Structures are given as C-alpha cells and as structure tokens.
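This report refers to the structure that appears directly beneath it.
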Amino acid sequence: MKVLKFGGTSVGSAERIRHVADLVAPRGKNIIVLSAMSGTTNSLVEIADYLYKRNLNGAKETINILESKYLKTLATLYDRHESREMALREIKSCFNYIRSFASRDVFTPVEEKIILAQGEIMSVAMMTILLNERGYHAEALPALDFMKTGENGEPDSNAIALNLRALLDKYAEADIYITQGFICRNHRGEVDNLQRGGSDYSASLIGAAVEAEEIEIWTDIDGMHNNDPRYVEGTRPVHELHYEEAAELAYFGAKILHPTCVLPAKVNNIPLRLLNTMEPEAPGTLIYNSITGPSIKAVAAKDNVTAVKIKSSRMLLAYGFLNKVFETFEKYRTPIDMIATSEVGVSLTVDSARFLPEIIDELKQFGTVTVDRDMVIIAVVGNLEWTSPGLETRALKALHDIPVRMISYGGSDFNISFLIRACDKVAALNRLSSTLF
C-alpha cells in the first residue's frame, strides 16, 4: 500500500480533481490524502477573522463567495445527476455549518479550527463521490477519527496507527481510501490541525502508521529543484536525495515539501517521492536512506531572518553564559537557526520576530545587543562531510563579492549556511548556481 498526497493546486478546479481521479483510480488499494482546494484555507481564515471581530456581514459575504466557487466546481465535476446532488448536499452542509458560527455569542480558537477543517472535509467528499461514480468502491476515512495529537501538540503515533488500522479493517473491501490532510484532534478531543503545510505531515504520519511501501507527494512542480526557479533560470529537479538533505532543503526554503514530513518517513525507512500532478510521467525526486558520494545537490533560501549579536567581556571563560542566552530564547519559544561564537560574543539568527523586543530587553542583562534585520539564510545542501575537501571552497568562491554576515559549517554533514542581506539574495542564488551546477 502507498500513500499519495495531493496539494491544493492539484485539486484546485473540477478539471484538476478529475485529473487526480484519473491518476489514483487505476493504481489499486492506496490511501489518498487531500488538501483543501487552493485558496480555500485563506478564505476560511478570513471568515474566522471577521467572526473574531464580530463583523458578521463580512463573514457572511466571504462565505457566500467561497460557496459560489464550490457550486461552480460541482456543476462540471460529475457526469451523473445523482452524484452532483449528493455532492451538493455535502457541500451545502459544510457551508451551513460554517454559517452557524455567525449566530454564536462567543468565537474562540476552538471554533476557528472547526471552520478551517471544512476545506479538507469538502475535498474528500467531492473526490469520494467522483470515484464512486466511476465504479470504484472508494471509502472516506475521516482524519478526525484517527489523526491525534498529545498534550505537547505532537502526533500520537500509537493512537494514529491503532485507530487507522481499525478503519482499514472495517472497510477492507474498499478499492481505494480517501482522507483529509492537515486536520486532527488534540488530546482534549477538539478539532485541531497540524499547521500550514500539514497535509504533507499527515501523509507521512499515515505512511508510518500503515508501514507504507512509499509516500508520494504530488504538487505542481516536477520534484525538488537544485535552486529556486522563481529567481534562477535553468534549474532542474534533483532526482535523488537523502532524508537529511531533503530535510535541510525543506527547512531552508524549498516550498515543495514541508520540513516535518521527512522525520516519520526517515524513522520508518519509507521512501518519499515528489511528483508533478501536471506532468505525472516526470521522474520527480526520490528521497530515501541512501548517501551518494561527496557532492553539492541544491541551494535554498530562507527569508525574513533576524540576526542577534550579544557581545560581553563577561563571556570570556565564563561558565554558563551561553546557557543564559539560550534560556532567554527558550523562555519565549523562539527557535534559533544559526549560531556563531567567539571569546567575547555570540551571534545567532531567528525567523520569528514575535517576541524579539522582549528577548532583546532580557539579553541586555548579559551584554551589548545589536540586531540586523531583513536577512536571508542561503543553504548549500549535499553530502558535505568535512573529510571531503573543496566543497565548502566552491560555495565560498561563488559568494566572493557578496557580504556574508555569518557562516555555519560543521553542525551538519549536509549543509553550509550563509547569512546575507535580503537585497543580495537573488544575486547569491544565481552565482551559486553558475558556480556549483
């Protein structure tokens, strides 16, 4: 059994939904994981925002616009009147449910997450009805019946596997299974989600739960490219990546894959394959537990980075100085990406500025604090083990005339990171491409 995940653009119209059905139907008893139609989640977030502000007319108008989009999709999606009517009932039920929140006196994050879940629920309903219309026995497996998170917000792998296998046994006669990505229940039994990009995570968790043969992530690009095609011409897909290489690229900006997706597949040694819904014959990118020889595979960029430098003579030979610095970031739940130290200072980067004023205020207890905003991390990724000389030199040579604020090398065998100004990003990506590839 394989797990096949299709993102929002892959199910973004009636034509594309039918195309996905063409792809999955002949391939046997697999689990299909669907995102909401493209644009749906943003609209649902907007609806929730209106409801928080008690702007009921704004919420209702946005609901009407989104519902109209779905009704137009249904009008051309099915061949049979019975299928169209069945889908219409499902979609109307979801939108009526969303409307019901406008009549409530209190709107909280609990209600917001219920609203956000409706996009994936509608995608699964439409696809299940379409496959059944075509003569396949398709069963919808509600993610809210098996996808669980624990008290710390992390997936409860044991509960997911137990609940999902019970559903598969219950519908053992089905030809194909359809389920929602992104959505789950938390430890209190409330509707919750795995955050943006969570459909990739859902697919990986499901693959681990059923010990899948392979996990396929279908998007609108033919695999993970060796650089960002939005800024660099002539990029090409990387045909094979190790799990660690893929995780580095995903974390540092390769949008085709969500970073959390890699770990469940890696731990359970399940290959991940990135494929293009629009070009299904393209080989895409295979991610698995195999390391090639020393090489540089790809480059990615992470935007909206802030660098913080703490300089203090008290750091010199001072036991516990770094620990106090790290505790400050931990207190405000702000992850650190890069770090560099000297005898009297430490520089580090964060990609969330939410609590930065509070963090800076506390860090001033330990030394002089300077902040550089509008920075970008450029990650050069591949098999870069330090015993293979010359690879880091090639990357440095490409950036010889671009100011580099920080360099991180040695923390991973798969990544060299450079911190540069945002205004130098495009030039850096292009020079790395021309030099490395």
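Distance between the C-alpha centres of the stretch 94-143 and the stretch 372-422: 44 Å, rounded to the whole angstrom. Packing, as the average of other Cβ atoms within 10 Å across residues, places the peptides 182-190, 126-134, 19-27 in the order 126-134, 182-190, 19-27, highest first. Protein heavy-atom surface of the chain, 1.4 angstrom probe: 49% of the accessible area is carbon and sulfur, with nucleic acids and ligands not counted. Couplings 3J(HN,Hα) for the stretch 240-245, derived from phi with the Karplus relation 6.51 cos²θ - 1.76 cosθ + 1.60 (θ = phi - 60°), are 9, 9, 6, 3, 5, 5 Hz, where x marks Gly and Pro. Remark: spin-label model distance residue 99-residue 171 equals 2.8 nm, labels positioned 7 Å along the Cα→Cβ axis. Listed peptides 75-82, 402-409, 425-432 appear in the order 425-432, 402-409, 75-82 once ranked by packing, highest mean of other Cβ atoms within 10 Å at the front. Tell me the angle of helix 81-100 to the major Cα principal axis of the chain, expressed in degrees between 0 and 90 and rounded to the nearest ten. Computed tilt is about 60 degrees. Label sites at residue 343 and residue 72, each approximated as a point 7 angstrom past Cα along Cα to Cβ, lie 6.8 nm apart.
Across the protein chains, with a 1.4 Å probe defining accessible surface, the residues 243, 136 rank 136, 243 from largest area downward. As a calculated quantity, the FRET efficiency between residue 57 and residue 190 at R0 = 22 Å, using C-beta atoms, amounts to about 0.20. Any idea how far the Cα center of the stretch 3-75 sits from the one of the stretch 246-271, in Å? Value for the Cα centre distance between the two parts: 24 Å.
Relative to the dominant Cα principal axis of the chain, helix 14-24 is inclined by about 80°.
Of the beta bridges in the chain, as assigned by DSSP with both residues counted there, near 60 percent are antiparallel. Close amide-amide hydrogen proximity is noted between residue 141 and 178, 179, each under 5 Å apart and 5 or more residues distant or on a separate chain (H modeled in the peptide plane; Pro and chain starts excluded). With the helix formula -39500 (n - 2.57) applied to DSSP H stretches of n ≥ 4, the chain reaches a computed 222 nm mean residue ellipticity of -12500 deg cm²/dmol. Remark: the residue 404-residue 211 segment gains 65.1 nm on full extension, using 0.36 nm per residue and subtracting the alpha carbon distance. Residues within the reach of a label modelled at residue 437 (point 7 angstrom out along Cα to beta-carbon, backbone nitrogen below 15 Å), restricted to the stretch 230-250, are 230-241, 246, 249-250.
Summed over the residues of the chain and divided among them, the accessible surface reaches 46 Å² per residue at a probe radius of 1.4 Å. Pairs spanning more than 19 Å between alpha-carbon atoms, out of 255/425; 60/92; 255/302; 5/302; 92/148; 311/425: 5/302; 92/148; 311/425.
The values are calculated or read from the model by the stated rules, or taken from the named source; none is laboratory data. Quick caveat, the model's predicted, so the values are computed rather than measured. Cβ atoms come from the backbone with ideal geometry, glycine included; neighbour counts cover every protein chain shown. Side chains are part of the model used for accessible areas, which takes the heavy atoms of the whole protein and leaves out ligands, DNA and RNA. Shrake-Rupley method; radii C 1.70, N 1.55, O 1.52, S 1.80 Å.
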